[in-house]
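The values are calculated or read from the model by the stated rules, or taken from the named source; none is laboratory data. Just so you know, these numbers come straight off a predicted model, no measurement behind them. We place every Cβ from the backbone using ideal geometry, glycine too, and count neighbours over all the protein chains shown. Areas reflect the complete protein model, heavy atoms only, side chains present, ligands, DNA and RNA absent. Shrake-Rupley method; radii C 1.70, N 1.55, O 1.52, S 1.80 Å.
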Amino acid sequence: IQVKNNKPIIVIGGGMAGITAAVEAAEAGVSVILLESLPYLGGNAIAMNRYFPKMCPPYCGMEINFRRIKDNPLIRFFVSTKLTAIEQMDAGFKVILESSPEYVNDNCTLCGDCSAVCPVEQADAFNQFMSKKKAIDHPHDLAYPEKYYLDESFCIKAECSKCMEACSYNAIDLKAESQTNEFEVQSIILATGWQSFDPIAMPEYSFGNHPDILTSLMMERMSAPNGPTAGKIRCQAGDCPPETIAFIQCAGSRDEKHLPYCSGVCCSASLKQALHAVEVLPDVEVSIHYIDLRVTGRNEDFLRKAENHPRIKLIKGKVTKVNSDDGTSLKLTAEHIDSGKKITSSANLVVLATGVIPNKNPVVDLLPENRSFMNPTSLPKGIYLAGSALQAMDVSSSVKSATAAVLLGVSDSQIPNNE
């Protein structure tokens, strides 16, 4: 790579795509500013039980990437930080970042004394609200930077200083203030990631009315060893292993009322989760209700394995209703395309393969209007998309996308004016 100038690039988003872009650019000799709005790096990938293509747990790749960040002086990262202003210049951009107050500093040793005395509990967003945590706590066991985080939306700082009094390392400052930084950068890589479609918008699936109707992300956290059930797939209503699990594909996707597009990764994710379920639950029966099973490349192996597994049933047809009135099991009403009939079935656990929604790119409201920020050919020169900011994609594809974005963002070989 021939670097254009000595200005840094800024990577917005600290998930797998953003981290990849940052380390690849820095290891090519380019200064990088890595920006993440959450209090830790890792994005959605770090919450997975296993991810494609090798079915590794997040520990496998993330710890290496965090070490690459820690050891490279060309990477400067900011967590709990947002882009608040951007100005296009003749050669690059001027950006302003605002970081939330850092109530816990780098003196933190993860001893846990502060959390032990904290009187305030909250639902844990990392575990998809299936467990609780303290207002000051370690976000999760893979969180980087490796320190506790105080959530000021729950903490009653004005009335309570128990955490600060319990800390032996002078790591807590309840009077900390927000910080503003300004940089000039040569280019911007948007690796802003994705969020899950909220199935509350589909009342026919009864999400929120029964604790055993889950989303795909909830199933990932339940399956993960560091999740709310320590990796045990269980019915929350009866605190027992499920005898039957039903996966409902396209929950929100390919639906003109919600997401008109295919979310790309949902079929592979459900096949992966179904195969994991029959692996850890020797008696469970699994059904996957689908419109079309769209898997490509190496992920077709999951489809072949599912098709040949005696305890996995693939049912072509859309589920039209999930009834949660029965306290013992969930009732599904669905199409059965092969027979042309409507069928009913029951399950102890229902998993909704919710669609993927790209997170809003922070530059949309900060640059002139009439720009399409999901179409890379119409972006302003110097701004590039990576990962699910471009389209829904798995971890392997996100890594490739991020590397390509770096080549465009820091190389003389970039396409002039993106045309």
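Some observations on this one:
- Inter-residue pairs, beta-carbon under 6 Å, first touching a residue at least 24 places away in the same chain (Cβ under 8 Å) and in region 343-365, second open to solvent by 40 Å² or more (accessible area, probe 1.4 Å) and outside any strand (DSSP E or B), 6+ apart: Asn348/Glu243
- A Cβ distance below 7 Å, combined with a sequence gap of six or more or placement on separate chains, defines the contacts here; from region 58-75, residues that are modelled with pLDDT of 95 or more reach residues that are open to solvent by 70 Å² or more (accessible area, probe 1.4 Å) and in a helix (DSSP H, G or I) in the pairs Asn72/Glu27.
- Boolean, Gly112 is modelled with pLDDT of 95 or more and surrounded by fewer than 20 Cβ atoms within 10 Å (Cβ to Cβ): yes
- Subset of region 16-74 (residues that are part of a strand (DSSP E or B) and among the aromatic types (Phe, Trp, Tyr)): Tyr51
- Selection count where residues are closer than 14 Å to Phe183 by Cβ and assigned to a strand (DSSP E or B), scope region 89-107: 9
- Complete set of residues in region 142-194 that are touching a helix residue (DSSP H, G or I) at 6+ places or on another chain (Cβ under 9 Å) and charged (D, E, K, R): Glu146, Lys162, Glu165, Asp173
- Subset tally (residues that are open to solvent by 20 Å² or more (accessible area, probe 1.4 Å) and within 23 Å of Glu36 (Cβ to Cβ)) for region 115-125: 2
- Restricting region 81-102 to residues that are open to solvent by less than 30 Å² (accessible area, probe 1.4 Å) and touching a residue at least 60 places away in the same chain (Cβ under 8 Å), the residue that is nearest to Gly18 (Cα to Cα): Leu83
- Complete set of residues in region 79-125 that are touching a Ser or Thr at 6+ places or on another chain (Cβ under 7 Å) and within 20 Å of Ser153 (Cα to Cα): Ser80, Thr81, Lys82, Glu98, Ser99, Ser100, Pro101, Asp124
- Residue match in region 83-101 (condition: under 28 Å from Cys267 (Cα atoms), basic (Lys, Arg) and over 17 Å from the mean Cα position of the chain (by Cα)): no
- Condition met for Leu271 (open to solvent by less than 10 Å² (accessible area, probe 1.4 Å), farther than 25 Å from Ala123 by Cα, under 20 Å from the mean Cα position of the chain (by Cα) and modelled with pLDDT of 95 or more): yes
- Qualifying residue in region 327-335 (condition: among the small types (Gly, Ala, Ser), within 28 Å of the chain's Cα centre (by Cα) and open to solvent by less than 40 Å² (accessible area, probe 1.4 Å)): no
- Of the residues making up region 132-144, those that are part of a loop (DSSP other than H, G, I, E, B) and surrounded by 14 or more Cβ atoms within 10 Å (Cβ to Cβ) are Ala135, His138, Pro139, His140, Leu142, Ala143, Tyr144.
- Test for Glu182: is it surrounded by fewer than 17 Cβ atoms within 10 Å (Cβ to Cβ) and either part of a loop (DSSP other than H, G, I, E, B) or in contact (Cβ under 8 Å) with a residue 12 or more places away in the chain (or both): yes
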